[in-house]
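The values are calculated or read from the model by the stated rules, or taken from the named source; none is laboratory data. Remember, predicted model here, so these are calculated numbers, not experimental data. Note that we place each Cβ from the backbone using ideal geometry, even for glycine, and neighbour counts take in every protein chain shown.
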Amino acid sequence: MRTLIRGGTVVNPTGPQPADVLIDGETVAGVLSPAVAAELTADEVIDAAGCYVIPGGVDAHTHMQMPFGGTTASDTFETGTAAAAWGGTTTIIDFAIQTPGEVVPECLERWHAKAAGACAIDYAFHMILGGVDDESLKAMDALIDHEGVSSFKLFMAYPGVYYSDDGQILRAMQQAAGNGAVIMMHAENGIAIDVLAAQAVARGETAPLYHGLTRPAALEAEATHRAIALAEVAGGTPLYVVHMSASEALAEVSAARSRGANVFAETCPQYLYLTLEDQLGARGPDGDSFEGAKWVCSTPLRSKHEPHARDLWRGLRTDDLAVVSTDHCPFCFKDQKELGRGDFRKIPNGIGGVEHRMQLIYQGVADGQLSLARWVETCATTPARMFGLYPRKGVIAPGADADVVVYDPAGRTTLSAATHHMNMDYSAYEGFEVAGSVRTVLSRGSRVIDGGRFLGRAGHGQYVPRGLSSYLR
């Protein structure tokens, strides 16, 4: 079937241009001048007049059905990918998890079983290495060569759960230097954080606010510096620092990139829009301060009195921050976040946002923080390039998958638990009104969202094996 998207402004990382998009089956057949496209016939025509036509978003950091903190993330692959589609994201990269003592390939198969036949959009996997040893290091090579998994996440946080010490991190980075993998890093000094958290609880400081106060920016910056140093010692392994929240950590990345280090970083919408004060001021109907648990995530939100959000927006403009992902790890307030009543350490860490990333970052365009091209670059093109999906994903060009979003800049979107499609009983962005709205979403040429209707289905989404990063040196 041939579909023609007519009358819109196509936005690729090279910038906007008036153009029509011809889709043949599941792929883009051409990006054509309106004059040329006027001579064509198609089975379907989508009117994009007054709208931006952009590549479907690539969210490179999600956690569907993730076991954590005595519970499991509330979005399944079915509900989470449908919610992503509502917001203009057409590919997610989720995390298969190995914990110490487990066999890496068996862990990957477990995640395949969760996702297979459930996803409304395409998906891929990173692998979390929670136990770095000889067998898991060998498994890295096998996953790259045979499974299409080319990125591996390590943790400097969560001792006793996912934590790797510096020696383990160095060994994994050395392996990656040889096989071309990207090492993703949760950069916080977990050993020191656990000391601060225990001291706070001993003083009776157990409210959700203390989650953030015991994870200071200095410990994010210190871990970021250490991860960069280890990557350089390992031979310049590509290092990708996830969910960056602090100016001090960003400064470490900026300094490393200035001297030519192969270092990249992402941030998330929560660090651009939410603050520690949102947590401090949150009160339930009865005045209960535990309402602040809704905003518990790691890395934590930072204070509005510090320049973090300003610096993160600047980092997105200068490319010191390469990608905006969500770290979508949703937990309902009732029965899940409430596990931490009386001890903030037991609150499941995570904020749901897979549905809202494209709109929240477009608000940055409307506010003059980013260009249209940079919006597309940080939310679609660069994550596709970073993680071996480009040029199949992340661009509107002949031969690419027809993952296309028609985005109406004249629309308005109000974010609320009453209207979102994520499987959560609250919204971290309740009442936010943002510029623009998603009108139509195509995944591999099939409409999954159109005019406020969900037309997709579980099982449409396919697993996409990934190649090596485009950013290898």
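Of the residues T91, T62, T71, which is closer than 30 Å to L137 by Cα, modelled with pLDDT of 95 or more, crowded, with 23+ Cβ neighbours inside 10 Å and touching a Leu at 6+ places or on another chain (Cβ under 9 Å)? Break it down stepwise before answering.
Working: T62 fails: touching a Leu at 6+ places or on another chain (Cβ under 9 Å); T71 fails: crowded, with 23+ Cβ neighbours inside 10 Å.
Matching residue, one of T91, T62, T71: T91.
Of all residues in the range 418-447, how many are assigned to a strand (DSSP E or B) and of a type outside the set (G, A, S)?
Matching residues across the range 418-447 total 8.
Suppose we filter M127, M140 for residues that are part of a helix (DSSP H, G or I) and either aliphatic (A, V, I, L, M) or within 20 Å of the chain's Cα centre (by Cα) (or both); which single one remains?
Criteria check complete, one pass: M140.
Please enumerate the residues belonging to the range 159-174 that are among the polar types (S, T, N, Q) and either surrounded by 22 or more Cβ atoms within 10 Å (Cβ to Cβ) or closer than 25 Å to T326 by Cα (or both).
Scanning the range 159-174 gives a single hit, S164.
Which one of these is under 22 Å from Y390 (Cβ atoms) and among the hydroxyl-bearing types (S, T, Y): T89, T76?
Numbers: T76 fails: under 22 Å from Y390 (Cβ atoms).
Checking each option against the conditions leaves just T89.
Go through (1) surrounded by 24 or more Cβ atoms within 10 Å (Cβ to Cβ); (2) more than 14 Å from V324 (Cβ to Cβ) one by one and return the number of the condition E377 breaks.
Of (1) surrounded by 24 or more Cβ atoms within 10 Å (Cβ to Cβ); (2) more than 14 Å from V324 (Cβ to Cβ), only one is false for E377: (2).
If you check every pair at least six apart or on different chains, which have Cβ atoms under 7 Å apart with a residue in the range 42-58 that is crowded, with 23+ Cβ neighbours inside 10 Å first and a residue that is of a type in the set (S, T, Y) and not in a strand (DSSP E or B) second?
P55/T381
Name the pairs whose Cβ atoms lie under 7 Å apart, with the first residue in the range 65-90 and within 13 Å of C329 (Cα to Cα), the second in a helix (DSSP H, G or I) and of a type outside the set (F, W, Y), and 6 or more positions between them or separate chains?
Hits for this filter: Q65/K114; G69/L339; G69/K346; T71/L339; D75/A83; F77/K114; F77/A115.
Take the range 380-410 and flag every residue that is more than 20 Å from A181 (Cα to Cα) and touching a Leu at 6+ places or on another chain (Cβ under 7 Å).
A402, D403, V404 - these are the residues of the range 380-410 that are more than 20 Å from A181 (Cα to Cα) and touching a Leu at 6+ places or on another chain (Cβ under 7 Å).
Quick check: is even one residue across the range 255-275 touching an Asp or Glu at 6+ places or on another chain (Cβ under 8 Å), within 20 Å of W313 (Cα to Cα) and of a type in the set (D, E)?
no
Identify the single condition in (1) over 21 Å from the mean Cα position of the chain (by Cα); (2) β-branched (V, I, T); (3) modelled with pLDDT of 95 or more that V242 does not satisfy, given that it satisfies every other one.
Evaluating V242 over (1) over 21 Å from the mean Cα position of the chain (by Cα); (2) β-branched (V, I, T); (3) modelled with pLDDT of 95 or more leaves (1) as the failure.
Among the residues that make up the range 227-237, is at least one of them crowded, with 24+ Cβ neighbours inside 10 Å and under 21 Å from the mean Cα position of the chain (by Cα)?
There is at least one residue in the range 227-237 that is crowded, with 24+ Cβ neighbours inside 10 Å and under 21 Å from the mean Cα position of the chain (by Cα).
Would you mention how many residues in the range 399-453 are farther than 17 Å from E355 by Cβ and free of Cβ contacts under 8 Å to residues at least 12 places away in the same chain?
1
Within the range 245-322, which helices (runs of 4 or more DSSP H) (wholly inside it) include 1 or more residues that are touching a residue at least 60 places away in the same chain (Cβ under 8 Å), within 25 Å of S470 (Cα to Cα) and touching a Phe, Trp or Tyr at 6+ places or on another chain (Cβ under 7 Å)?
Per the criteria, 308-318.
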